[in-house]
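Contents: one structure, followed by commentary.
The values are calculated or read from the model by the stated rules, or taken from the named source; none is laboratory data. These numbers come from a predicted model, not from an experiment. Cβ atoms come from the backbone with ideal geometry, glycine included; neighbour counts cover every protein chain shown.
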Amino acid sequence: MTQLRERKKQQTRQTISHVATGLFIEHGFERTTIADIAEAAGVSKMTVTNYFPRKEDLFFDAADMVVRWPARTVAEREIGESALAAIRRAYLAATERQDPLLGRFAPGFARLIADSPALRSRLREVYDQQEQALAAALTEAVGPGGGLLEPRLAAAQLAATLRVLMEEARHRTLADERDDDAFFSGLAALAGQAFILLEPALGDYAVRSA
């Protein structure tokens, strides 16, 4: 019964998200209301807000994965691997599989973000949360002897790099770059350059010993 309930909850969440996406694309983010989404999804407004407390959360329904993946990558890094090396490996692997979480928005989505102050504000929150989660993971990775300042500074550098790459992906989408192979190969090349620039400061930081 528990599994069935969880499956139904997930289906409801996906339905609400799918319906909201269609309404945002058709009518715009600002003009679409929670009531519109609830009516189109066949649920109550309370049900919508139980799953998505803010309308911005409906738009960025994958935000938690964006926030968590760098921190998770650091926590799961291989023996002998630094935090930088782990994030570089994970990022480049994501470009290989053409993961949309790197910022490959649908053109309509990218335009909605560009046109909405509320969505741009929410995206900045996502970036901040990603940095905070990464700082916590690095603090745990280096242990008590690693100090409090260094993990935060390292997280700031890594998160800023990921933010620049995400924004570059969004701008390329707005520029109507439609070829996925060219898009992701270009992003991989840019990421490679960015991570090389971080190497002097972070190349041997938070190397996993065991």
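Of all the listed residues (174, 165), the sole one being on the phi < 0 side of the Ramachandran plot, surrounded by fewer than 16 Cβ atoms within 10 Å (Cβ to Cβ) and in contact with a helix residue (DSSP H, G or I) (Cβ under 6 Å, 6 or more places away or on another chain) is 174.
For the stretch 24-33, a residue qualifies if it is part of a helix (DSSP H, G or I) and within 20 Å of residue 120 (Cβ to Cβ), and the qualifying residues are 24, 25, 27. Out of all the residues in the stretch 86-102, which are within 15 Å of the chain's Cα centre (by Cα) and in a loop (DSSP other than H, G, I, E, B)? Once the filter is applied, which keeps residues that are within 15 Å of the chain's Cα centre (by Cα) and in a loop (DSSP other than H, G, I, E, B), the stretch 86-102 yields 98, 99. Filtered by the rule that a residue be hydrophobic (A, V, I, L, M, F, W, C) and either crowded, with 16+ Cβ neighbours inside 10 Å or modelled with pLDDT of 95 or more (or both), the stretch 86-103 gives 86, 87, 90, 92, 93, 94, 102.
The residues on offer are 29, 52, 60, and the sole one that is among the aromatic types (Phe, Trp, Tyr) and either farther than 19 Å from residue 114 by Cα or in contact with a His (Cβ under 9 Å, 6 or more places away or on another chain) (or both) is 52.
Residues in the stretch 162-210 that are among the polar types (S, T, N, Q) and without any contact (Cβ under 8 Å) to a residue 40 or more places away in the chain: 193 alone. Filtering the stretch 60-78 for residues that are at positive phi and small (Gly, Ala, Ser) leaves an empty set. Is it the case that the stretch 91-111 has a residue that's more than 28 Å from residue 54 (Cβ to Cβ) and free of Cβ contacts under 8 Å to residues at least 40 places away in the same chain? Within the stretch 91-111 (the criterion being more than 28 Å from residue 54 (Cβ to Cβ) and free of Cβ contacts under 8 Å to residues at least 40 places away in the same chain), the answer is yes, since at least one residue qualifies.
If the condition is being within 12 Å of the chain's Cα centre (by Cα) and buried (at least 16 other Cβ atoms within 10 Å of the Cβ), then the stretch 117-132 contributes 122, 123, 126, 127, 129, 130, 131.
Restricting attention to the stretch 156-195, the residues that are within 15 Å of the chain's Cα centre (by Cα) and not polar (S, T, N, Q) add up to 12.
Condition check ((1) among the aliphatic types (A, V, I, L, M); (2) at pLDDT 95 or above; (3) surrounded by 12 or more Cβ atoms within 10 Å (Cβ to Cβ); (4) not in a helix (DSSP H, G or I)) across all residues:
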site: 7; (1), (2), (3), (4): no, no, no, no
site: 22; (1), (2), (3), (4): no, no, yes, no
site: 38; (1), (2), (3), (4): yes, yes, yes, no
site: 49; (1), (2), (3), (4): no, yes, yes, no
site: 57; (1), (2), (3), (4): no, no, yes, no
site: 70; (1), (2), (3), (4): no, yes, yes, no
site: 73; (1), (2), (3), (4): no, yes, yes, no
site: 78; (1), (2), (3), (4): no, yes, no, yes
site: 84; (1), (2), (3), (4): yes, yes, yes, no
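Among the residues of the stretch 169-210, those that are under 27 Å from residue 146 (Cβ atoms) and of a type in the set (A, V, I, L, M) comprise 191, 194, 196, 197, 198, 201, 202, 206, 207, 210.
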